[in-house]
Amino acid sequence: MNPAPAAYPPGYAPPAAPAAPVAPAVSTATPPGLAPAATGPAVVPDREIRVYGHNNLFYWWPVWAVGFLMAGLTFLDGHVMAIAPEGTKVEQVQPAANCKTQELLVPPPGQSIPPASAKSDDPSPRLRVAANNNYGVIFAGTLLLVVMITNFTLRGLASVIAIAGIIIVSLFFALLGWWDSILLWLGGVDVRMNAGGYIAIALPLFVIWLFSTFVYDHYTYLIVTRGQVRIRQNIGDGEVAVDASGLSLEKKRDDLFRHWLVGLGSGDLHVKTGGPANLDFELNNVLFIGPKLNRIQDLIREKETAAQGASG
């Protein structure tokens, strides 16, 4: 049996139990003037940087791009072309008294539309062409401009002078009112192409451009890692590995026509290595050459800092 609780005399209060110790409060607030630590993901440095050069076919992308555009505009123009023999005349006839006048193509005697040599079950015209020749003039001008850009190299001040000269001559012709006569003369030449003609040029060129830019050009490269550089100068050559300590990279002066007008910020890179290999060559038409050079310099600087720390 449990013992009965002890009885206290009247007016007597039992002593209070001792209070439990209270742990001191710990403040979690950030001290004034001290920014909280960042919790975002850490930036991972580059382990290797690959640099690819490109051949001059890379600059031909405006030709296939304009070709596809002109083909689409020609198809949407809604006109077709009839193949008629030389000497065909347009005559107006009225089938009945209350009918509207119609125009007919009348070929010379003994010939037909289309010519007898054309093999088709349906003689109706179906070649898609535009009503004006502006599309053909634009495509021909783009083709000639790309040919000029990819074959004439003007660097630095020379390219600036060439662009300024083109602008000045254009404004001079406009002030004299010569452009109307020039365009009228070009219109007399009547540069015209059907939609299939644009596609026949643009589509194969686009496929070749894709293969050249993303497959063929990737067989020659420069790969920079911490302490080592791997190089392949030509297709079929073996890969050469050299020490990165003697690496020298120099960006050559820009050609505003090639590198900025159609090159999307590309540039030519002069590469020189030290050591027994002592390679000296150029990687032409390197895309985004500025950011890549900065990343390579950071990678080499990081390697040198690590080497100094180890020796210290």
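Just so you know, all these numbers are worked out from the coordinates, no wet-lab data involved. Keep in mind that this is a model prediction, so the values were computed, not measured. Heads up, the Cβs are rebuilt from the backbone with ideal geometry, glycines too, and the neighbour counts pull from every protein chain shown.
The packing ranking, built from the mean of other Cβ atoms within 10 Å per residue, places the peptides 222-232, 102-112 in the order 222-232, 102-112, highest first. What the Cβ-Cβ distance of Ile208 and Leu176 gives, at R0 = 45 Å and to the nearest 0.05, is a FRET efficiency of 0.60. Put simply, the amide H of His79, placed in the peptide plane, has neighbours under 5 Å in Val129, leaving out anything fewer than 5 places away on its chain. The listed peptides 82-90, 208-216, 264-272, ordered by packing as a protection proxy, come out as 264-272, 208-216, 82-90 (highest mean of other Cβ atoms within 10 Å first).
Highest mean first, the peptides 233-243, 142-152 sorted by other C-beta atoms within 10 Å per residue fall in the order 142-152, 233-243.
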